[in-house]
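Since the structure comes first, as structure tokens, the remarks are kept for the end.
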Amino acid sequence: MKLLQFFAFSGAILAFAGMAGCYGLGGEVASDGAPATPNTDAPDAGGSPGAGVDVFGGATTCTSGQSQPNITTGDGYAGMDPGQACISCHSQGEGPSFILAGTVYPTGHEPDNCNGVTASDIKVVATDFTGKEFPMTPNSSGNFFLQNSRRTPVSFAFPYTARVERGGKVVEQMGGAQKSGDCNSCHTEKGANSAPGRIAAPLPP
Ligand code: HEC
Ligand code: HEC
């Protein structure tokens, strides 16, 4: 029964993702790299310092071509619900307590539950108010998190800034300081609260 629900549900997600143009490394992503069209709508004026790729100009796509089933209750796992606001759900009493949590994607607009980046050379680094750095490595769904534990509490001073590195080089930087650690609450498919879209780790040009 549980298994059946799983398949029925992931099928639905895949079907939906297909409609949304989820064809792996297909047309939209590739054309996105063309330098002909100037990037007018990317709010991070600094752009993508390392890559020189406009990751926020394209249409929604699920670059990985793989999605996770939607989980709302019961058993969770570290790669669950990529793209969704981790902390707003976990803070309702279920799941571990996170200080920061989110998902990194190869492009700026990807649907919920689509797997993000898996490249091992990508790191998300948060710098807290005292200047202390907290590096996080995305897992096989692109999810990353800084977990708090009752036994050994992590001291993290808000507000913070954050950046994405590939091979030690900054590819995306959040200039403004944030008071919420729930990255995906702003870094949604289309972007909320002035965020340009997903937390992006552009593919090398
Ligand atoms: C809609 C609710 C919801 C969302 C959204 C959600 N989770 Fe969970 N998470 C859960 C529940 C429920 C559990 C299981 C809690 C338990 O077993 O006590 C869980 C458990 C976990 C666990 C523990 C797994 C283990 O082995 O014990 C991790 C890690 C986790 N979630 C990470 C994340 C991350 C990262 C995100 C965001 C990308 C996220 N979750 C989004 C509800 C959610
Ligand atoms: C309350 C909303 C909010 C939260 C929460 C938030 N951000 Fe952002 N983020 C923004 C806004 C707005 C921008 C664009 C302006 C700027 O650069 O400050 C941005 C830009 C970025 C960028 C550069 C552009 C991009 O999307 O790749 C990165 C990287 C980033 N944020 C990482 C993070 C990480 C990592 C977290 C969680 C640890 C996080 N953000 C949490 C609002 C938010």
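The values are calculated or read from the model by the stated rules, or taken from the named source; none is laboratory data. Please read these numbers as outputs of a predicted model, since none were measured by experiment. Heads up, the Cβs are rebuilt from the backbone with ideal geometry, glycines too, and the neighbour counts pull from every protein chain shown. Note: areas computed on protein heavy atoms with side chains; ligands, DNA, RNA excluded. Shrake-Rupley method; radii C 1.70, N 1.55, O 1.52, S 1.80 Å.
Taking all protein chains as they are arranged and a probe of 1.4 Å, the heavy atoms of Met80 leave approximately 40 Å² accessible to solvent.
Other residues within the sphere of radius under 9 Å centred on the Cβ of Phe156, judged by their own Cβ, net out at 0 (K and R +1, D and E -1). Summing +1 for each Lys or Arg and -1 for each Asp or Glu among the other residues whose beta-carbon sits under 10 angstrom from that of Gln68 gives -2.
Projecting label points 7 angstrom from Cα along Cα→Cβ for Asn70 and Gln92 puts them 1.3 nm apart.
Note on exposure: Glu110, Glu189, Glu133 ranked by accessible area (1.4 Å probe, complete protein assembly) read Glu133, Glu189, Glu110, with the most exposed listed first.
Among the chymotrypsin sites (Phe, Trp or Tyr not before Pro) within segment 50-143, those in coil by DSSP and having at most 13 neighbouring Cβ atoms inside 10 Å are Tyr77, Phe129.
Rolling a 1.4 Å probe across the protein heavy atoms gives segment 66-180 an accessible surface of 50 Å² per residue. Under the definition of Cα pairs under 8 Å and six or more residues apart, what whole-number percent is the relative contact order of segment 134-205? Contact order relative to length: 19 percent.
Each Cα pair under 8 Å and six or more residues apart adds its separation to the average, and for segment 85-186 the resulting relative contact order is 33 percent.
Taking a ≥ b ≥ c as the square roots of the eigenvalues of the alpha carbon gyration tensor, segment 58-162 is oblate, as a/c is not under 1.5 and a/b does not beat b/c. Extension gain for the segment Gln147 to Thr161, taken as residue separation times 0.36 nm less the Cα-Cα distance, is 3.3 nm to one decimal.
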